[in-house]
Amino acid sequence: MTFRIIPRLEIKNRHLIKGKKMEGLKKIGDPIEFLKTYYQEEPDEIFICDIVASLYSRKFDFDYLRELSKNFFIPFAVGGGLNNLRDVNLAFKNGADKVVLNSYLFKDISILNKISNVYGKQSTVAEVQFKKISNSYELRYESGRNNPKRNIFEWMQKLEKNCVGEIYITSVDNDGMKNKEIDFNFLKEMRKTVEVPLIYGGGISSRKDIDKLLKIGFQGAAISRSLHNKELKICDLK
């Protein structure tokens, strides 16, 4: 399987935003302009995420998704505020190739089976956010703010048993941070836990980070800050 380079675009009210550790979100530009740049560099897919939709109990902007998907012919993974099958159906109807769920899964994990049965396992994605507290890691959701009090590895195994096609792993501590050390040993333990493809995001700042992800068996990287700031280029990484 080819290692995938995936720009992660966090959107709020049709603005591209970025923060640090999923907080202090700031507008950084027009998503369409960034998409034009990334599209020319031929990424493997694009991850469009409304990072605060679940936190503020609002729906994903499906009209905007339709506008984006009509202009950029590339696979879109879509997440944020997808809280039932109707939302999922609307996401696919308006241009999504994959849906990425997190918060809602702690209410009804069986939705993964339902999505997989209709749209295929390859289109069914879960996000796993984690945060370091003292000397251990905690599972989190809703932009790292809430702790479901579940074991991370057991949760990943449960996702796999419920027909998830792949898992996006996101470090809350490393999100938007430059030169903050990524705990590859912990990621290696995550890789051993399940067999489904794993995509990592959070503080990727160099080609060395990509090399290490490859070495431990990850299938892709979801990158935001380093691409937005042009510190990394998709074509160079590929």
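Hey, if we sort 236, 30 by accessible area with the 1.4 Å probe, largest down, what's the order?
Descending accessible area places them as 236, 30.
Build a GNM of the chain with springs between Cα atoms under 10 Å: which of 121, 188, 149 gets the top mean-square fluctuation?
The residue that fluctuates most here is 149.
Please list 39, 137 from largest to smallest accessible area, probe radius 1.4 Å, with all protein chains kept in place.
39, 137
On the accessible surface of region 162-212, probed at 1.4 Å, how many percent belong to carbon and sulfur atoms?
41
For the pair residue 211 and residue 151, how long in nm is the line joining their label points, each one 7 Å along Cα→Cβ?
For residue 211 paired with residue 151, the spin-label model returns 3.5 nm.
Kindly sort 37, 124, 193, 2 by accessible area of their heavy atoms, largest first, with the probe set to 1.4 Å.
Ranking 37, 124, 193, 2 by accessible area, largest first, yields 2, 37, 193, 124.
Hey, what does the equivalent ellipsoid look like for region 1-134, semi-axes from the Cα gyration tensor as sqrt of 5 times each eigenvalue, largest first, whole Å?
Square roots of five times the eigenvalues give 21, 19, 15 Å.
Based on DSSP H runs of at least 4 residues, each adding -39500 (n - 2.57), what is the mean residue ellipticity at 222 nm of the chain after dividing by all its residues, to the nearest 500 deg cm²/dmol?
Counting only the DSSP helices, I get -9000 deg cm²/dmol.
In whole Hz and in residue order, list the ³J(HN,Hα) couplings for region 180-185 that follow from phi through the Karplus curve 6.51 cos²θ - 1.76 cosθ + 1.60, θ = phi - 60°; x for Gly and Pro.
Each residue's phi maps through the Karplus curve to give 8, 4, 8, 7, 5, 5 Hz.
Amide H neighbours of residue 146 under 5 Å, at least 5 residues apart or on other chains, H built in the peptide plane: list them.
141
With every protein chain kept in place and ligands, DNA and RNA left out, what is the accessible area per residue of region 81-121? Probe 1.4 Å, answer in Å².
On a per-residue basis, region 81-121 sits at 44 Å².
What accessible surface, in Å², does a 1.4 Å probe find on residue 15, ignoring ligands, DNA and RNA and rounding to the nearest 10?
For residue 15, solvent-accessible area is about 70 Å².
Restricting the calculation to Cα positions, tell me the Rg (one decimal) and the Dmax (whole number) of region 178-238 in Å.
In Å, with Rg to one decimal and Dmax whole: 11.5, 34.
Using the alpha-carbon centroid of each, what span in Å lies between region 79-127 and region 4-44?
About 21 Å separates the Cα centre of region 79-127 from the one of region 4-44.
Given a cut-off of under 8 Å on Cα pairs at least six residues apart, what relative contact order in percent is computed for the chain?
20
What percentage of the solvent-accessible surface of region 114-155, computed with a 1.4 Å probe over protein heavy atoms, is contributed by carbon and sulfur atoms?
40
When DSSP beta bridges are limited to those with both residues in region 1-151, what percentage is antiparallel, rounded to the nearest 5? Mind showing how you got there, number by number?
Working: 13 of 26 bridges.
DSSP beta bridges in region 1-151 are roughly 50 percent antiparallel.
So if each residue of separation counts as 0.36 nm, and I subtract the Cα-Cα distance between residue 36 and residue 114, what length gain in nm does that give?
Taking 0.36 nm per residue and subtracting the Cα distance, the gain is 24.7 nm.
Please list, in chain and number order, the residues 5+ apart from residue 169 or on another chain whose amide H is under 5 Å from its amide H, with Hs placed from the backbone.
128, 199, 200, 201
Along region 138-145, what does the Karplus equation 6.51 cos²θ - 1.76 cosθ + 1.60 (θ = phi - 60°) give for ³J(HN,Hα), rounded to whole Hz, x for Gly and Pro?
Karplus values, whole Hz, x for Gly and Pro: 10, 6, 9, 8, 6, 6, x, 7.
The values are calculated or read from the model by the stated rules, or taken from the named source; none is laboratory data. Since the model is a prediction, treat every value here as computed from it, not as a measurement. Heads up, the Cβs are rebuilt from the backbone with ideal geometry, glycines too, and the neighbour counts pull from every protein chain shown. Accessible surface areas use protein heavy atoms only, side chains included; no ligands, DNA or RNA. Shrake-Rupley method; radii C 1.70, N 1.55, O 1.52, S 1.80 Å.
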